[in-house]
Amino acid sequence: MAETETLFNGRWLVLRQRGTWEFVERVNPRGAVIIVALTPDDEVLLVEQFRVPIGQRTIEMPAGLVGDLAGGEDEGYLESAARELEEETGWRAARLEIVMGGPSSAGMSTEVMTFVRAFDLVQVGPGGGDATEDIKVHRVPRADCARFLAQAMAEGYAIDPKLYAGLYFIEFDAAGRRWPAP
C-alpha cells in the first residue's frame with residue numbers, strides 16, 4: 001500500500017492522499033449517528049437545514065457527530081443519538097437501538113454513519129438545534145413521506161439519499177426482520 005500524505009489539517013477533517021487517491025479523514029473517529037424516529041401519531045421526524053458545502057437547504061433525518069462536544073469525547077452512539085434527537089427535533093426516546101453502521105461515502109471519506117432507531121417518543125421541546133444551527137422540524141405522516149420528499153425536491157431542496165435507508169429502518173432491522181411491537 002502506498003504511503004499516506006497529509007495535504008491539509010482542519011478542525012474536523014484532514015485531507016489525505018494515498019497514491020493518486022485523495023480522501024477526507026474524520027478527526028472524530030467514532031463518526032456520526034442518523035436517528036430514525038417515528039412519533040406516536042405515526043409521523044416521521046425529518047429536519048431541514050442549510051448545508052454550506054452544497055449551498056442549499058436539505059431534508060434529512062436528525063443526525064450528528066458522536067463525541068463532538070467539549071467534555072463529551074467519550075460519548076457513545078446511543079448517548080449521541082439521544083442528545084441529537086432532542087436537540088434537533090424536541091423529541092425524546094424511551095428506547096434507542098443501533099441498527100447498523102457503514103461508510104457515508106466510501107470513495108471520499110473515512111466517516112462511518114450509524115443508524116439508530118428511536119422508540120416510544122415523547123415531545124419535550126420545540127427542537128431547532130443548538131445556537132449554531134437553524135433547523136426546521138418536519139413531522140411527516142409515514143404514508144406521505146414519498147409525496148413530501150418528491151415535493152421538496154421539486155421545490156429545490158436537496159434530499160439526503162440516506163433518508164431512504166432510514167425509511168426502510170422504520171419497519172425493519174438490518175437483517176430484514178420487522179421490529180417487535182412495543
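Only the coordinates and a few stated rules stand behind these numbers; no lab work does. Note that the structure is predicted; figures quoted are calculated from it, not measured. Cβ: placed from backbone, ideal geometry, glycine included. Neighbour counts: every protein chain shown.
Structure data summary
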{"item": "Pair Glu171, Arg92: separation of 7 Å Cα→Cβ label points (nm)", "result": "3.2"}
{"item": "Scaled radius of gyration (Cα, divided by 2.2 N^0.38 Å) that region 52-182 gives", "result": "1.08"}
{"item": "Note, ³J(HN,Hα) from phi for region 117-123, Karplus 6.51, -1.76, 1.60, rounded to Hz, x at Gly and Pro", "result": "8, 9, 10, 6, 7, 9, 7"}
{"item": "Distant-in-sequence amide H partners of His138 (H built 1.01 Å from N, under 5 Å)", "result": "Leu46, Val47, Glu48"}
{"item": "Nitroxide proxy distance, nm - points 7 Å out along Cα→Cβ at His138 and Tyr164", "result": "1.5"}
{"item": "For region 1-157, size of Cβ-based charge dipole, Lys and Arg +1, Asp and Glu -1, in debye", "result": "320"}
{"item": "Ratio Rg/Rh, restricted to region 17-58 and using Cα atoms, in which Rh is the Kirkwood radius", "result": "1.17"}
{"item": "Placed amide H near Ala63: partners under 5 Å, 5+ positions off or other chain", "result": "Ile35"}
{"item": "Helix-derived mean residue ellipticity, 222 nm - over the chain, DSSP H n ≥ 4, -39500 (n - 2.57), to 500", "result": "-5500 deg cm²/dmol"}
{"item": "Restricting region 1-97 to GluC sites (Glu not before Pro) in coil, as DSSP defines it, with at most 15 other Cβ within 10 Å", "result": "Glu3, Glu73"}
{"item": "Backbone HN-Hα couplings from phi across region 3-19 [Karplus 6.51/-1.76/1.60, Hz, Gly and Pro as x]", "result": "5, 9, 10, 8, 9, 7, 10, x, 5, 10, 9, 10, 8, 10, 9, 10, x"}
{"item": "Region 28-171, relative contact order [Cα under 8 Å, separation at least 6], %", "result": "32"}
{"item": "Degrees between helix 162-171 axis and first principal axis of the chain (Cα, 0 to 90, nearest 10)", "result": "40"}
{"item": "Angle in degrees between helix 77-89 and the longest Cα principal axis of the chain, rounded to the nearest 10", "result": "60"}
{"item": "Column: log10 I(q)/I(0), Debye, Cα scatterers of region 10-123, q = 0.20, 0.22 Å⁻¹", "result": "-1.13, -1.28"}
